[in-house]
Every structure is written in structure tokens, then in C-alpha cells.
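Quick notes on the structure that follows.
The values are calculated or read from the model by the stated rules, or taken from the named source; none is laboratory data. Remember, it's a predicted structure, so these values are computed and weren't measured experimentally. With ideal geometry, Cβ positions are generated from the backbone for all residues, glycine too; neighbour counts draw on all protein chains shown. Just the protein is used for accessible areas: all its heavy atoms, side chains included, with ligands, DNA and RNA removed. Shrake-Rupley method; radii C 1.70, N 1.55, O 1.52, S 1.80 Å.
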Amino acid sequence: MMKQKSKKSGRKALKILLVLLGLFVCFLALNIFYCSSEVVTTNYKITSEKLNGNLKIALLADLHLKDYGNNNKKIIDAVEENSPDIIAVAGDLTILNSDKTDTAIELLRQLTEIAPTYYAPGNHEAELLANENFIRNVTETGAHFLVNKYEYFEKNGEKILIGGIKQYPFFEFDAPDFDNDERHFFDDFLEQEKDSYSILICHYPECFLWKFNEYDIDLMLSGHTHGGLIRLPFIGGLYAPNQGFFPKYDYGLYKSDTATMVVTSGLANSNFLPRINNPGEVCIIQVN
């Protein structure tokens, strides 16, 4: 009798385990489907004494040629309904080693119809920066393509400095003089920002950790991490490029004594790995 009860208990426990496993698999599949098909909006509020009025920014990054609805309607709707003053695109609209850029160009074209759009490159645009057709197509959308370049946006008579940097200017192989285009741009940008509220679009948030958090950058806007790809409850992102496992700067709002940074989890991924607990995102940043 004892053996029969033991066998029945064992089979019951196995059934419960299989049911729980099945429920987990179903939840995971639904989570992956949701994260791959929906776009959410995340809101941030920032204050600055350097800005007399207010400024609303829409931030997006890491599209990787994905389409959320017909011609990325879900992204456009998320941006349009928030009526931003400017739109910042923090790189990686494309995929490395791919010559297909139509999705990226069409998104830029639609964004510029909503608000002035400022686009800085990520690592997946690197090889396209020498492609004259790509540069021309971006320019023809009306987007401001900021590759080690800055421009001014004016609202209610107040000038706001917006710059875009291609990559980190202080790599060891450039030492000791760091004689590179990024360093020359960065020096000039820091000089200009003394008189204006400054926004630096830099695809790589690890730059904040390496050096940029020491400078007077009013707002740095980044992507690249895909939010850590898999977001674990109470822990955060699992892995980010250049930061490794459990990255420090994977997603959200960060501040140092002199600088502020917002990192978006982006919109997609560049490989087959799924996003979990991590839907596509458009950030809306209100600066007062």
C-alpha cells in the first residue's frame, strides 16, 4: 500500500510539474510575441536651470530594419501622439553588412513630418557612412544627420545645441594626443555648450561611464544596449554590448554631478535572439 501511494504521489507531482512547465512555456511565448510586435512609450521628466522654457524630445534607436505595422505605423503613432518639439534618433536603424536601407529611410521621412529629426549613427551604420547613396537618401528625408557635427534648434527665441558623435573619442590607441575627428568635435561641442542647453546624441551609453559623465553635458541620449535584451524582474538587463552581463547602463535615466543620460531599450534586435520582458520603446523626455 505504501508503495502504491508513493507511486501515485510521484505521478501527481510529475503532472503538476508538467502543467507548470507548460504554463511557463506559454507565458514565455506570449511574452516574446508581445515584445516583438508592440511599441510602448516611456516618459521622463528632467529639470535644468540652463533652459528657460521647456522642451519635449522623442528618443528612439535600434530599429535594425524592423517594421512595427505597415511602414512602422506603431512607431509613428507613438511619436505623433506626444507632439515632440524634436526627435532624436540614436543610431542603428540599419543592420551591419546589409544594403537594405529602405525601412530606415522611410521611417526618417515620416519622422521629419512630425518634428525636426536629429540622427546620429550607431555601429550598424559604420560602413554606410562612406556610402554616398545612403548619405544622400538620409539628407533628402529632411533629417539632420549628425556625424561628429552639431546644430542649433531654436524654440521661443532660445537656442538649444544638438550634437551627434560617431564613436568614443578617447580610445587607448589614439593616446596620448587623441588626434581624431571625434575628439576635435567633442572639444568644440563642449565649448559651444557653455552658452546653451546641450544635447549629445551618442549611440553608446558606456561612453558615459568611461568619460562623458565628467563633462558638462546637459543631456546625453543613447541606445545600443537593447535594454539588456532579456530584462529580469528586480535585476534589469541581462547583457549589453561593451558592458557584458548585468550591465550598469542598460536602460533608463542616469545622472552624475555634471551630466544626465537617458538610455532607450530601443526597438528591435540585430540577431535571432528574442527580447523578453522588453517591448520596443519610444522615450518621451520633457525638459523644464
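Points worth noting:
- When Leu96 is tested against (1) open to solvent by 50 Å² or more (accessible area, probe 1.4 Å); (2) free of Cβ contacts under 8 Å to residues at least 40 places away in the same chain, exactly one condition is not met: (2).
- Filter pass, Arg136 being crowded, with 17+ Cβ neighbours inside 10 Å, free of Cβ contacts under 8 Å to residues at least 40 places away in the same chain and among the basic types (Lys, Arg): no
- Residue count for the stretch 113-123, restricted to those that are open to solvent by 30 Å² or more (accessible area, probe 1.4 Å) and either under 21 Å from Lys166 (Cα atoms) or among the aliphatic types (A, V, I, L, M) (or both): 3
- Of the residues Arg183, Arg136, Arg109, the single one that is modelled with pLDDT of 95 or more, out of contact with any Phe, Trp or Tyr (no Cβ under 6 Å at 6 or more places or on another chain) and over 22 Å from Ala58 (Cα atoms) is Arg136.
- Failed criterion for His144 (all others in (1) modelled with pLDDT of 95 or more; (2) surrounded by fewer than 19 Cβ atoms within 10 Å (Cβ to Cβ) hold): (2)
- Identity of the residue in the stretch 77-93, assigned to a loop (DSSP other than H, G, I, E, B) and either among the β-branched types (Val, Ile, Thr) or touching a Lys or Arg at 6+ places or on another chain (Cβ under 9 Å) (or both), that ends up surrounded by the most Cβ atoms within 10 Å (Cβ to Cβ): Pro84
- Lys74 surrounded by 16 or more Cβ atoms within 10 Å (Cβ to Cβ), part of a loop (DSSP other than H, G, I, E, B) and basic (Lys, Arg): no
- Annotation note: of Lys149, Lys155, the sole residue that is of a type in the set (Lys, Arg) and open to solvent by less than 50 Å² (accessible area, probe 1.4 Å) is Lys155.
- Pair list, Cβ under 6 Å, 6 or more apart: the stretch 263-280 residue hydroxyl-bearing (Ser, Thr, Tyr), other residue open to solvent by 30 Å² or more (accessible area, probe 1.4 Å): Ser265/Tyr251; Ser270/Ile95
- Within the set Tyr249, Tyr254, the sole residue that is in a strand (DSSP E or B) and either surrounded by 14 or more Cβ atoms within 10 Å (Cβ to Cβ) or not small (Gly, Ala, Ser) (or both) turns out to be Tyr254.
- The residue that is surrounded by the most Cβ atoms within 10 Å (Cβ to Cβ), among those in the stretch 36-71 that are hydrophobic (A, V, I, L, M, F, W, C) and in a loop (DSSP other than H, G, I, E, B), is Ala61.
- With respect to the stated conditions, Phe186 is in a helix (DSSP H, G or I), out of contact with any Gly (no Cβ under 8 Å at 6 or more places or on another chain) and within 23 Å of Ile86 (Cβ to Cβ).
- Looking across the stretch 167-218, just one residue is of a type in the set (Lys, Arg) and surrounded by 15 or more Cβ atoms within 10 Å (Cβ to Cβ), and that is Arg183.
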